[in-house]
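> Here's a structure for you.
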Amino acid sequence: MPHDRRRFLIQAALTCGSVLASDLASKRVWAQSSPALITSDKMRPAIPYGVASGDVTKGNAVIWSRSDRPARMMVEYSLDESFRRAKRIVGPAAVETSDYTARINLKGLPDARQIFYRVSFQDLNDVNVFSEPLAGSFRTTPKAGQDVTFAWGGDTAGQGWGINPDFGGMKIYETMRQLKPDFFIHSGDNIYADGIILPEVTLPDGTIWRNITTEEKSKVAETLKEFRGNYLYNLMDENIQRFNADVPQMVQWDDHETTNNWYPNETLTNAGSDARYTVKSVALLAARARQAFLEYQPIRINGRDPEQIYRSFNYGPSLDVFMLDERSYRADNSANLQKMMSGETDFLGNRQLAWLKKGLLNSKATWKAIASDMPIGLVVSDGPGQYEAIANANDGPALGRELEIADLLKFIKDNNIRNVVWFTADVHYTAAHYYDPNEAQFQDFLPFWEFVGGPLHAGTFGPNALDKTFGPQVKFVSSPPAGSSNLPPSAGLQFFGLVKINGDSQVMTVSHYDINGNVLHQTELQPEV
């Protein structure tokens, strides 16, 4: 059934309490000089889906928002929450071709400062009319000796678990926000374009999980409008809107932004393919999915390659972040047992792999965080005898896609690149893995850690089997009880991680959290020189 926005806001406010309502109200700031002060709210442009910041790196940040009509985006920003000595940037027009989304790149920002910003939209039908501004903030990159904290996780609105006002919406985002991370890595599956949200789901105990739903979430996404509608759905959640206003993001995609387990050459015509799709070309679905993803995320668009998703960020002396794209350049999912590297074993692809090697080699930061939307050693199948991720369940020497990872790990060892840590999601449970060459079949690499987060608001599964090729050891895991799967968020098994790098000692502490903010496990990593 179509959603009623006003009804949802009232329900969310009642569910989350007056503190939530007052917090949201404090984000809305009137522009005192605007002629729109005498204009009724119905005549103004509106900003119904909030504001967001992202891709923060030295001196730069992206501000994103969406209008409800053709309008020009404007941003004021200041080092002072009262907006004294604010700078004002007139940005691009938000029109139909971008689904009324727009972004502005802020440049020349000072290090280690809180930046306060507010977004407004100028009506293009009447340039004397402005929206009510909506405010947010973020912290710029730190100086030497200052701590760094970031959160990570993946998997939002999956397996039919949507916005339930009775539950409090996607409240893990509020749990993360209260920890005040410097930034957040969304490790993929930002939406579930292949996942339908029904008005009601009956739980095993007979109680009802009630979803807000929309037209676009009532079928699988095939048209550009339907892909866009998946992002709009998530942005209806007040927890996400508040989180986006307070925590800058670095975002990558995985499969569910398009369709389950997709690869570029796939067609949905084989036996067992999803019969819900009338569009059979995954290349066409992915093109529409990519456009919607780039429109709705606070991503800095690459001028030389506007469709490129992989990118890296320097976040001060302690940290470089490498955001991978493990969808766009992969070969077909297969038995994954090829003995030689070729186009059939691509996962990152030659260009991205060379970019990653160069970035790691040139990094001057203490820690190198690789944000990988899929884990290395966990077995993720794509039907009988087919594999979706890197591992092939063979437990022997590197084969198939493992060859590309083996090549990368050997490069890291050969060049003595220290303090490389992997962060991932995808499998819908949380874990800490230590990759030990002494326990591996392929041994030509330095030991390293991989940390798994999620789901943020989706069904809980796992744990997955381990492939022994690279010697992974499970040091921590939290997953559903044996025999359980697709548990709802109300079961409590929703997870994210928080990383803190001490500015003085450079020690990295990785903590696994549940939806209620409880610390489940911590790993302390000493930096290697």
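The values are calculated or read from the model by the stated rules, or taken from the named source; none is laboratory data. Just so you know, these numbers come straight off a predicted model, no measurement behind them. No Cβ is skipped: glycine too gets one built from the backbone with ideal geometry, and neighbour counts run over all protein chains shown. For the accessible areas, the whole protein counts, side chains as well, though only heavy atoms, and no ligand, DNA or RNA atoms are used. Shrake-Rupley method; radii C 1.70, N 1.55, O 1.52, S 1.80 Å.
> Go through the range 437-522 and tell me which strands (runs of 3 or more DSSP E), entirely inside it, have 1 or more residues that are modelled with pLDDT of 95 or more, open to solvent by 30 Å² or more (accessible area, probe 1.4 Å) and over 25 Å from ALA365 (Cβ atoms).
Hits in the range 437-522: 472-478.
> Continuing with this model, one more query. Mind listing just one residue for me: the one in the range 322-346 that is in a loop (DSSP other than H, G, I, E, B) and among the charged types (D, E, K, R) and, of those, most open to solvent (accessible area, probe 1.4 Å)?
Checked the range 322-346; the qualifying residue most open to solvent (accessible area, probe 1.4 Å) is LYS339.
> If ASP155 satisfies all but one of (1) among the acidic types (Asp, Glu); (2) touching a residue at least 60 places away in the same chain (Cβ under 8 Å); (3) touching a Phe, Trp or Tyr at 6+ places or on another chain (Cβ under 8 Å), what's the number of the condition it fails?
(3)
> Name the residues in the range 347-383 that are of a type in the set (S, T, N, Q), out of contact with any Phe, Trp or Tyr (no Cβ under 9 Å at 6 or more places or on another chain) and not in a loop (DSSP other than H, G, I, E, B), would you?
Selection gives ASN362 alone.
> With respect to GLU226, is the statement that it is more than 27 Å from ALA135 (Cα to Cα) and open to solvent by 10 Å² or more (accessible area, probe 1.4 Å) true?
yes
> For the range 208-218, check the following and say yes or no: at least one residue is in contact (Cβ under 8 Å) with a residue 40 or more places away in the chain and of a type in the set (Asp, Glu).
Yes, some residue in the range 208-218 is in contact (Cβ under 8 Å) with a residue 40 or more places away in the chain and of a type in the set (Asp, Glu).
> Shifting gears a bit: Being over 20 Å from ASP182 (Cβ atoms), open to solvent by less than 10 Å² (accessible area, probe 1.4 Å) and assigned to a strand (DSSP E or B) is the requirement here; does ALA102 meet it?
Yes.
> Considering the range 174-199 alone, what residues qualify as being within 24 Å of THR258 (Cβ to Cβ), open to solvent by less than 10 Å² (accessible area, probe 1.4 Å), touching a residue at least 60 places away in the same chain (Cβ under 8 Å) and over 12 Å from the mean Cα position of the chain (by Cα)?
If the condition is that a residue be within 24 Å of THR258 (Cβ to Cβ), open to solvent by less than 10 Å² (accessible area, probe 1.4 Å), touching a residue at least 60 places away in the same chain (Cβ under 8 Å) and over 12 Å from the mean Cα position of the chain (by Cα), then TYR192, ALA193 are the ones that fit.
> Can you pull out every residue in the range 22-44 that is modelled with pLDDT of 65 or more and open to solvent by less than 40 Å² (accessible area, probe 1.4 Å)?
The answer is ARG44, and nothing else.
> State which residue pairs qualify: first residue open to solvent by 10 Å² or more (accessible area, probe 1.4 Å) and inside the range 45-70, second residue at pLDDT below 95 in any location, beta carbons under 8 Å apart, and separation of 6 or more residues or different chains.
Between residues of the range 45-70 that are open to solvent by 10 Å² or more (accessible area, probe 1.4 Å) and residues that are at pLDDT below 95, the close pairs are PRO48/ARG5.
> Right, another one. Which one of these does PHE8 not meet: (1) at pLDDT 50 or above; (2) of a type in the set (Phe, Trp, Tyr); (3) under 27 Å from GLU216 (Cβ atoms)?
Checking PHE8 against (1) at pLDDT 50 or above; (2) of a type in the set (Phe, Trp, Tyr); (3) under 27 Å from GLU216 (Cβ atoms), the one that fails is (1).
> Sticking with this structure for a sec: Can you say whether ALA112 is surrounded by fewer than 18 Cβ atoms within 10 Å (Cβ to Cβ) and either out of contact with any Leu (no Cβ under 6 Å at 6 or more places or on another chain) or at pLDDT 95 or above (or both), as far as the supplied structure shows?
yes
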